[in-house]
Amino acid sequence: MGAAIRHFTAIGPGGQVFTVNVERDFRYDPSRDLLACAHCDWSPSLLTTQRIDAMAWDHLAGSHDATRGRTDQENESFRRARRVMLPLCAVVSVVLLVFLQS
Ligand SMILES: [Zn+2]
């Protein structure tokens with residue numbers, strides 16, 4: 001099982017919130033994300049040209065009748081990790097460049 005890195009939520013009848021997660025397997029296959037519904041066993045193949053968010057909204061609306069209050073959120077810890085990693089990578093490449101030129 002991968003880690004959920006992004007959540008699509010929408011509100012259905014009776015105010016219930018439905019969630020579709022984008023999961024990423026950081027250990028085995030970080031290049032391919034997985035879409036999985038938290039309420040049924042819907043987990044489509046992503047080998048399509050359709051956008052991930054369009055597929056998530058389609059499913060929420062089509063299968064759970066959830067069309068209101070759509071939100072699209074990145075996982076908080078994932079976002080934090082990326083915010084730390086990007087500057088770090090930039091610093092490392094600058095240091096490498098300087099080092100190679102001297
Ligand atoms: Zn579902």
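Enter the angle in degrees (range 0 to 90, nearest 10) between the Cα long axis of helix 76-101 and the first principal axis of the Cα atoms of the chain, meaning the one along which they spread out most. For 76-101 against the chain, the angle is about 20 degrees.
Charging the Cβ of each Asp and Glu at -1 and of each Lys and Arg at +1, and nothing else, the dipole of region 3-75 about its Cα centre rounds to 100 debye.
With springs connecting C-alpha atoms under 10 Å apart, model the chain as a Gaussian network and identify which of PRO87, PRO30, PRO44 has the largest mean-square fluctuation. Fluctuation is largest for PRO87. With protein chains left intact and a 1.4 Å probe, residues in the chain average 70 Å² of accessible area per residue. Taking THR19, THR48, THR71 as the candidate residues, the one with maximal mean-square fluctuation in a Gaussian network model of the chain, Cα springs under 10 Å, is THR48. Mind jotting down a quarter of the surface of the convex hull over the alpha carbons of the chain, in square nanometres, one decimal? Average of the hull's projected areas for the chain equals 8.5 nm². Here the simple spin-label model places points 7 Å from the Cα toward Cβ, and for ARG68 and LEU47 these points are separated by 4.0 nm. Rounded to the nearest 10 degrees, the inclination of helix 52-64 to the longest alpha-carbon principal axis of the chain is 20 degrees.
Just to make sure I understand: if all protein chains stay in place, what is the order of ARG68, ARG24 by accessible area at 1.4 Å, largest first?
Numbers: ARG68 130, ARG24 55 Å².
Reading off the accessible areas and sorting them downward yields ARG68, ARG24.
If you roll a 1.4 angstrom probe over the protein chains with everything in place, what fraction of the accessible area of the chain belongs to carbon and sulfur, to the nearest %? Exposed carbon and sulfur together represent 58 percent of the surface.
With the dipole of the chain worked out from charges on the C-beta (+1 for Lys and Arg, -1 for Asp and Glu) around the Cα centre, which of PRO87, ILE11, THR67 lies farthest toward the positive end? Checked the options; the winner is PRO87.
Helix content alone sets the calculated 222 nm mean residue ellipticity of the chain: runs of n ≥ 4 DSSP H residues at -39500 (n - 2.57) each, divided across all residues, give -13000 deg cm²/dmol.
The values are calculated or read from the model by the stated rules, or taken from the named source; none is laboratory data. These figures come from a predicted structure and were not determined experimentally. Positions of Cβ are backbone-derived with ideal geometry, glycine not excepted, and every protein chain shown enters the neighbour counts. Note: areas computed on protein heavy atoms with side chains; ligands, DNA, RNA excluded. Shrake-Rupley method; radii C 1.70, N 1.55, O 1.52, S 1.80 Å.
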